[in-house]
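Taking it in order: structure first as structure tokens, then the write-up.
The values are calculated or read from the model by the stated rules, or taken from the named source; none is laboratory data. Please read all numbers here as calculations on a predicted model, not as lab measurements. Note that we place each Cβ from the backbone using ideal geometry, even for glycine, and neighbour counts take in every protein chain shown. Please note that ligands, DNA and RNA were not included when accessible areas were found on the heavy atoms of the full protein model with its side chains. Shrake-Rupley method; radii C 1.70, N 1.55, O 1.52, S 1.80 Å.
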Amino acid sequence: MMTSKGRCIETKDDKFLIQDTEDNCYRCIVMHMKHPNVLQYKETYCITETPKPTLPYICSELRSDAILISLFRTGAAPMPCPFKGPLEFTYSHGEGECKSPLSAAETCTQESRLLLRYQACANVLSSESVDVELECLATWKESSTHNLVARLHAPRKTSDEDSYRCFIYEQTSNNSWNLAQSEDASCTGLISVKEAAKTFKMKQIELINFVWIIEKFLEETLNETSTEFKIVIFCHKMKLIMLSRIVNLFQKYFPNKASSFFVPENSTERCSYPSWVVDNKLWVALDPIGSRLQASPYNLTIVNRQETRLVCHSVVPLNDRHEHPDRENQVQYVAKATLDCTNGYVCLMFHRRDSHIIELQLSEWSQQPDDVCNSSTFNSHSTPYTTFITPDPITRQCPNLGRYEIVSVLHNHNSDKAEDILGVDGEPMANAAEVQDVRVTSTPNPGRCRYGSVRRLDIGCKTPDRMEFATSCSDETPAEYSCHGTWIENDTAYLVASTEKGRYCLVYSASAAATGSRELSVTGHLASCPRASHRHVVSWQVNLTSYAQCGDISTATSWTFRISASVYIVAVLGTLFGSTNLHKTRVVGTTNYETTTATTTTTTTTTTTTTTATKEVSI
């Protein structure tokens with residue numbers, strides 16, 4: 001059944017006999033599938049015959065000059081375009097060629113798209129300055145003609161039908177093409193690549209042309225000495241992005257010298273990302289949506305709700321030892337950035353915290369690469385950090401091993417919004433070690449036992465790479481944190497840890513922990529490690545008092561450790577949301593600990609003895 005044509009009553013191969021029941025007539029349709037996304041057909045006039053005509057008879061009435069009609073699959077998956085950007089091109093509507101200034105076709109994140117940036121020419125009335133996204137849907141070849149169907153995304157397109165266009169194209173050399181575009185979605189009037197409603201002459205940029213020249217040069221030259229000399233000169237003068245293809249050619253013709261003479265040892269032209277970023281290939285951020293960083297020597301791809309591609313453009317030397325004291329673990333680059341069909345340049349800086357932990361700083365976009373890393377546009381002290389960890393990180397020994405009594409817990413009741421915990425970014429904080437989080441998981445209304453039930457934190461007492469919390473509630477499920485790595489920056493210590501719920505960054509004062517201070521503020525959150533200029537809503541915060549080494553229950557020097565109950569809620573209490581106000585739950589009174597059994601703690605006075613069962617749990 002063809003909705004607008006009638007009912008199919010007979011078929012053979014690509015021929016169909018259609019009955020129009022409304023007009024009581026018959027027509028022949030000859031249909032061809034050019035591509036899974038494209039059908040094309042021709043048809044006869046609707047003929048009234050009695051009795052019903054045969055399929056061969058009515059199809060013999062089909063004229064060779066009948067209009068060719070194209071059908072495009074709605075919601076079709078796009079496909080890679082047959083030519084890749086960046087390109088420069090001229091175009092014509094039949095009233096003169098617009099070739100000064102040249103128009104450009106830029107790459108998009110998806111290989112199925114190109115951004116056509118048309119330029120207006122003063123001597124061509126039909127030319128205009130406009131950006132159009134071209135999305136490739138289908139390609140096929142008929143005889144010597146290459147066909148392309150694309151969808152155009154432009155400001156003045158008002159309907160789906162108005163967006164589809166047909167193209168024919170021919171490749172005139174290794175790096176240039178001639179194209180012809182239909183006037184509308186009917187795809188009629190495409191006579192040749194030089195005669196159509198709109199014609200193009202496209203050419204890839206010199207960089208790609210240079211690659212082709214080298215390939216031909218190597219194929220025709222066997223003199224190793226002269227080849228080596230000329231290749232080094234070429235590579236020194238030009239910034240190559242498609243290095244992998246060139247290296248393959250060198251390995252093919254000169255396998256013994258491919259790695260030595262490609263770029264001089266002192267050359268700064270070659271741009272590649274550091275091995276300690278590339279070797280792991282995939283990184284996962286500490287943010288709630290689990291952003292990913294895919295790394296290769298010359299390309300980075302950041303995948304979150306969108307996909308951003310960063311092609312290595314140039315290395316930026318870090319010469320200021322005062323500004324960058326840890327230069328062995330810091331690198332800075334200019335990268336060509338692509339998001340959808342938007343292109344620009346960014347400054348990025350990597351920080352190596354461990355073999356499986358890195359941090360990335362990314363500047364705002366710029367249209368020019370020369371100044372994007374200048375101090376006026378990129379400040380490493382104020383630019384936000386994104387903390388990445390490998391998907392299966394190794395564990396490290398936790399810092400500050402020992403047993404700690406929890407003195408107070410800061411938590412929020414019945415709040416689904418992280419902003420309700422400690423306010424929004426920019427609000428003053430009582431302690432420099434405090435941070436803010438971007439996500440808090442809401443939980444059901446808790447039972448009475450959960451309020452203030454967490455009594456102890458054991459760091460490294462079972463295994464050196466684990467932190468465990470203990471609670472007096474018998475129905476609590478044990479949980480724990482795994483430590484993955486820590487570093488110190490401006491007297492602030494950062495510890496990356498994880499539970500079954502997610503990955504956290506814990507922050508505390510490095511000097512307070514080192515000197516045994518009685519008070520130490522520790523916060524944790526489900527987000528990248530924050531700095532003073534970019535804080536996040538606190539996930540949890542607790543106060544601790546140190547009372548014993550892991551194998552010793554005797555009293556010891558005490559210091560305070562504060563945790564906000566939101567992450568603490570997520571991992572340990574699970575359901576601390578009961579009221580709308582932020583407050584502290586305190587464990588009041590002085591407790592003297594005497595070991596009786598492994599799981600029983602006894603507090604004795606002259607009149608009363610109280611025994612409390614303790615169960616280990618993690619927040």
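How much area per residue is accessible in the stretch 87-204 when the probe is 1.4 Å and only protein heavy atoms are counted (Å²)?
Values: 5670 Å² over 118 residues.
I get 48 Å² per residue for the stretch 87-204.
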Point to revise | Solvent-accessible surface (1.4 angstrom probe) belonging to Y164, in square angstrom, nearest 10 | key: 20 Å²
Exercise for review: Enumerate the whole-percent occupancy of each 10 Å bin, from 0 to the last occupied one, for all C-alpha pair distances of the stretch 168-207.
Suggested key: 33, 44, 19, 3
Point to revise | Separation in nanometres of the label points that stand 7 Å from Cα toward Cβ, at L71 and R7 | key: 1.8 nm
**Study point:** In the stretch 50-115, GluC sites (Glu not before Pro) in a DSSP loop with at most 15 other beta-carbon atoms within 10 Å
**Key:** E61, E95, E111
Check your understanding: Just for the Cα atoms in the stretch 299-384, what are the lengths along the principal axes, largest first, rounded to whole Å?
Key -> 39, 31, 22
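Given an 8 Å cut-off on Cα distances and at least 6 residues of separation, report the relative contact order of the stretch 87-204 as a percent. Before the final figure, lay out each step's value.
On the way: 280 pairs, mean separation 24.7, N = 118.
It rounds to 21 percent for the stretch 87-204.
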**Study point:** Accessible area per residue in Å² at 1.4 Å probe, computed on the stretch 2-43
**Key:** 57 Å²
Check your understanding: Over the stretch 1-126, with a single point scatterer placed on each C-alpha, what log10 of the ratio I(q)/I(0) does the Debye formula yield at q = 0.17, 0.18 1/Å?
Key -> -0.88, -0.93
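Heavy atoms only, probe 1.4 angstrom, no DNA, RNA or ligands counted: give me S528, S4 ranked by accessible area, highest first.
Numbers: S528 15, S4 105 Å².
My answer, sorted largest first, is S4, S528.
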Point to revise | Relative counts (whole %) of C-alpha pair distances in the stretch 2-72, using bins that are 5 Å wide | key: 3, 17, 28, 26, 17, 6, 2, 0
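Subtract the Cα-Cα distance of T21 and D160 from 0.36 nm times their separation in residues, and report this length gain in nm to one decimal. List each step's numbers first, then the result.
Numbers: separation 139, 0.36 × 139 = 50.04 nm, distance 2.93 nm.
The span from T21 to D160 would gain 47.1 nm if fully extended.
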Exercise for review: Could you work out how far apart the two model spin labels at E500 and E128 are, taking each label as a point 7 Å from the Cα in the direction of the beta carbon, and quote it in nm?
Suggested key: 6.1 nm
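Would you kindly calculate the mean projected area, averaged across all directions, of the convex hull enclosing the Cα atoms of the stretch 87-204, in square nanometres?
Values: hull surface 29.1 nm².
The directionally averaged projection comes out at 7.3 nm².
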Exercise for review: On the full set of protein chains, 1.4 Å probe, figure out the accessible area of F200 and give it in Å² to the nearest 10.
Suggested key: 10 Å²
Revision key, fill the gap. Ignoring ligands and nucleic acids, R292 exposes an accessible area, probe 1.4 Å, in Å² to the nearest 10, of 90 Å²
